[in-house]
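**Q** This structure is in structure tokens; I'll ask about it shortly.
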Amino acid sequence: MTHTDKHQQLKDLPGVDHLLERIKNDDRFFEIPRKVILESIRFILESIRQDILRGDKTDIIDKDIIEKTIEAAREKIKNRLVPVINATGVVLHTNLGRALLCEDAIKNIQTISQSYSNLELNLVTGKRGIRYTAVEELICELTGAQSAIAVNNNAGAVLLTLNTLAKDTQVVVSRGELVEIGGSFRIPDIMSKSGCHLKEVGTTNRTHLRDYEQAVTDQTGLFLKVHTSNYKIEGFTASVGLGELSELGRKKNIPVMEDLGSGTLIDFSAYGLPAEPLVSDSISSGADVVTFSGDKLLGGPQSGIIIGKKETIDQIKANPLTRALRIDKLTLGALEATLKLYRDEKRAVREIPTLRMLTMSHDQTCKKAAALQIQIKKRIDTQARVLLADLESRPGGGSFPELRLPTQCVTISPENMSVAKLERGLRLSSPAIIGRIEGDRYIIDPRTIQTGQEEIISKTLEKILLKK
Ligand SMILES: *Cc1c(COP(=O)(O)O)cnc(C)c1O
């Protein structure tokens with residue numbers, strides 16, 4: 001292309017006003033803000049201009065530009081945070097938003113957000129109230145603690161508790177418990193950000209009570225135990241129980257804290273799962289303060305719960321940092337509704353999605369897998385082998401280290417497409433479907449698939465495999 005050709009093509013490009021005028025009458029632009037349309041037109045015109053300058057032949061047709069503008073504008077107004085279908089079987093998947101909320105929590109979020117509330121007004125006295133009141137009594141009732149407060153998340157709860165109880169002092173922790181959770185939360189880092197000095201004791205595999213005892217100096221401010229949520233040391237090991245440590249703490253007049261990470265309000269061993277630490281056990285062991293997450297095994301909204309002796313929680317409530325980590329009203333509403341279900345354990349297991357999915361039996365997964373297989377086979381014929389396979393799901397979210405739950409999955413082996421391409425297709429569809437690849441099979445685990453999603457999965461598979 002000669003210089004004059006390029007020049008001519010650039011001159012031939014339609015103007016923004018001209019395009020805007022044409023678009024005005026197109027129904028498809030009706031809902032799109034004018035600002036977005038303008039930006040999209042400019043973006044498309046600029047990319048055509050670049051094509052021309054590079055010497056790529058471009059036919060300039062208004063209609064094509066308008067189509068491209070629609071595409072660009074739609075892309076621009078799309079939500080970035082969107083629902084996805086979790087076919088991984090990982091119940092508490094941090095990348096997929098951890099716990100799903102129960103119906104009551106969702107309803108309460110709506111109720112609280114549509115109306116003014118008594119968030120910080122005491123309706124009895126007419127005076128200023130305290131936001132934590134909404135959940136404090138309930139948490140105490142369910143855990144046996146004297147006092148409680150809920151904050152933004154458990155990392156915040158740990159930071160706040162350390163900062164309140166042990167700033168500028170030494171915090172004694174076993175070397176076996178200096179864990180990292182999900183990359184950005186590491187006990188030594190959170191310790192220094194809280195203004196505390198870490199005093200490591202024991203070894204990676206073995207720590208004894210005398211290690212804690214010998215570490216005590218007049219600088220010691222706290223004994224900390226951390227639940228090693230996501231890993232397990234096996235073999236020649238020893239650790240000190242919370243009860244023993246609390247006794248030592250009382251003797252030496254040093255407060256004892258436990259970061260439970262997940263923590264549960266129901267005994268999972270009654271459902272054939274390994275026992276995870278019960279929050280109430282930590283309290284009865286005599287700890288001064290215990291922290292745990294709201295959106296791990298509890299199955300509620302993102303939050304961090306701090307419970308313990310009244311005197312200790314009062315100190316935490318008075319820390320100015322509490323204001324920076326405070327829980328918002330929607331979360332508070334969701335947390336209250338979730339916690340209320342725990343007054344009736346059967347109901348909690350039925351209605352809290354996390355508990356329902358974790359306690360789902362192998363038989364139940366078989367039923368769900370068989371139904372899904374039938375749905376998929378109705379739509380897909382020779383394009384893929386659709387089989388059932390007994391595999392394992394993982395709880396995820398730093399709970400139940402090592403645990404695998406027996407589950408039956410649907411496996412898809414495409415005939416004319418790589419399994420990687422199928423995975424990509426499902427991930428980029430709307431809603432996105434996230435499963436996993438094992439060898440030449442795409443695995444769909446029914447444990448984490450919600451009611452009504454089976455049809456979306458089978459339709460999407462049909463679309464991708466039959467290239468509809
Ligand atoms: C998950 C976890 C945390 C962090 O909790 P978030 O709610 O994710 O902030 C802290 N400590 C332990 C032991 C954990 O397992």
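**Q** Mind listing whichever residues of the stretch 437-468 are touching a Ser or Thr at 6+ places or on another chain (Cβ under 6 Å) and modelled with pLDDT under 95?
**A** Correct list: Asp440 only.
**Q** Can you pull out the residues in the stretch 285-324 that are under 27 Å from the mean Cα position of the chain (by Cα), more than 14 Å from the ligand (Cβ to nearest atom) and among the aliphatic types (A, V, I, L, M)?
**A** Ile307, Ile313, Ile316, Leu321, Ala324
**Q** Still on this structure, I have one more. Somewhere in the stretch 348-360, is a residue part of a loop (DSSP other than H, G, I, E, B), touching a Gly at 6+ places or on another chain (Cβ under 7 Å) and farther than 13 Å from Ile85 by Cα?
**A** yes
**Q** Identify, please: which residue in the stretch 321-338 is part of a loop (DSSP other than H, G, I, E, B) and aliphatic (A, V, I, L, M) and is, among those, surrounded by the fewest Cβ atoms within 10 Å (Cβ to Cβ)?
**A** Ranking the qualifying residues of the stretch 321-338, first place goes to Leu325.
**Q** Residues in the stretch 209-222: is at least one within 15 Å of Asp259 (Cβ to Cβ) and not charged (D, E, K, R)?
**A** Checked the stretch 209-222: at least one residue is within 15 Å of Asp259 (Cβ to Cβ) and not charged (D, E, K, R).
Each row is one residue, and each column tells you yes or no for (1) open to solvent by 80 Å² or more (accessible area, probe 1.4 Å); (2) outside the structural domain of Gly241 (by TED's automatic domain parsing); (3) in contact with a helix residue (DSSP H, G or I) (Cβ under 9 Å, 6 or more places away or on another chain); (4) charged (D, E, K, R).
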{"residue": "Ala287", "(1), (2), (3), (4)": "no, no, yes, no"}
{"residue": "Leu298", "(1), (2), (3), (4)": "no, no, yes, no"}
{"residue": "Lys309", "(1), (2), (3), (4)": "no, no, no, yes"}
{"residue": "Asp314", "(1), (2), (3), (4)": "no, no, no, yes"}
{"residue": "Lys340", "(1), (2), (3), (4)": "yes, no, yes, yes"}
{"residue": "Asp363", "(1), (2), (3), (4)": "yes, yes, no, yes"}
{"residue": "Lys368", "(1), (2), (3), (4)": "no, yes, yes, yes"}
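**Q** Another question, then. Identify, please: which residue in the stretch 155-175 is open to solvent by 10 Å² or more (accessible area, probe 1.4 Å) and away from the ligand (no atom under 13 Å from the Cβ) and is, among those, farthest from Thr228 (Cα to Cα)?
**A** Asp168
**Q** Among the listed residues Asp189, Asp211, identify the single one that is without any contact (Cβ under 8 Å) to a residue 40 or more places away in the chain, over 24 Å from the mean Cα position of the chain (by Cα) and open to solvent by 10 Å² or more (accessible area, probe 1.4 Å).
**A** Checking each option against the conditions leaves just Asp211.
**Q** Of the residues that sit in the stretch 265-284 and are among the charged types (D, E, K, R) and open to solvent by 20 Å² or more (accessible area, probe 1.4 Å), which one is farthest from Gln364 (Cα to Cα)?
**A** Asp281
**Q** Considering every residue within the stretch 408-415, establish whether at least one is closer than 28 Å to Ser269 by Cβ, open to solvent by less than 20 Å² (accessible area, probe 1.4 Å), more than 16 Å from the ligand (Cβ to nearest atom) and not assigned by TED's automatic domain parsing to the domain that holds Val179.
**A** Yes, that holds for at least one residue.
**Q** If Gly425 satisfies all but one of (1) touching a helix residue (DSSP H, G or I) at 6+ places or on another chain (Cβ under 6 Å); (2) open to solvent by less than 20 Å² (accessible area, probe 1.4 Å), what's the number of the condition it fails?
**A** (2)
**Q** To continue, here is another question. Sort out which residues of the stretch 214-236 are of a type in the set (S, T, N, Q) and without any contact (Cβ under 8 Å) to a residue 24 or more places away in the chain, and write them in order of number.
**A** Gln214
**Q** Of all residues in the stretch 224-244 being within 16 Å of the ligand (Cβ to nearest atom) and in contact with a Leu (Cβ under 7 Å, 6 or more places away or on another chain), which is least open to solvent (accessible area, probe 1.4 Å)?
**A** Lys225
**Q** Counting residues that are free of Cβ contacts under 8 Å to residues at least 60 places away in the same chain, which strands (runs of 3 or more DSSP E) fully inside the stretch 373-468 reach at least 1?
**A** Because the criterion is at least 1 residues that are free of Cβ contacts under 8 Å to residues at least 60 places away in the same chain, the strands (runs of 3 or more DSSP E) in the stretch 373-468 that meet it are 384-393, 405-414, 436-438, 441-444.
The values are calculated or read from the model by the stated rules, or taken from the named source; none is laboratory data. No experiment lies behind these values; they were computed from the predicted model shown. FYI the Cβ positions are ideal-geometry reconstructions off the backbone, even for glycines, and counts take in every protein chain you see. Keep in mind that these areas ignore ligands, DNA and RNA; they rest on the heavy atoms of the full protein, side chains included. Shrake-Rupley method; radii C 1.70, N 1.55, O 1.52, S 1.80 Å.
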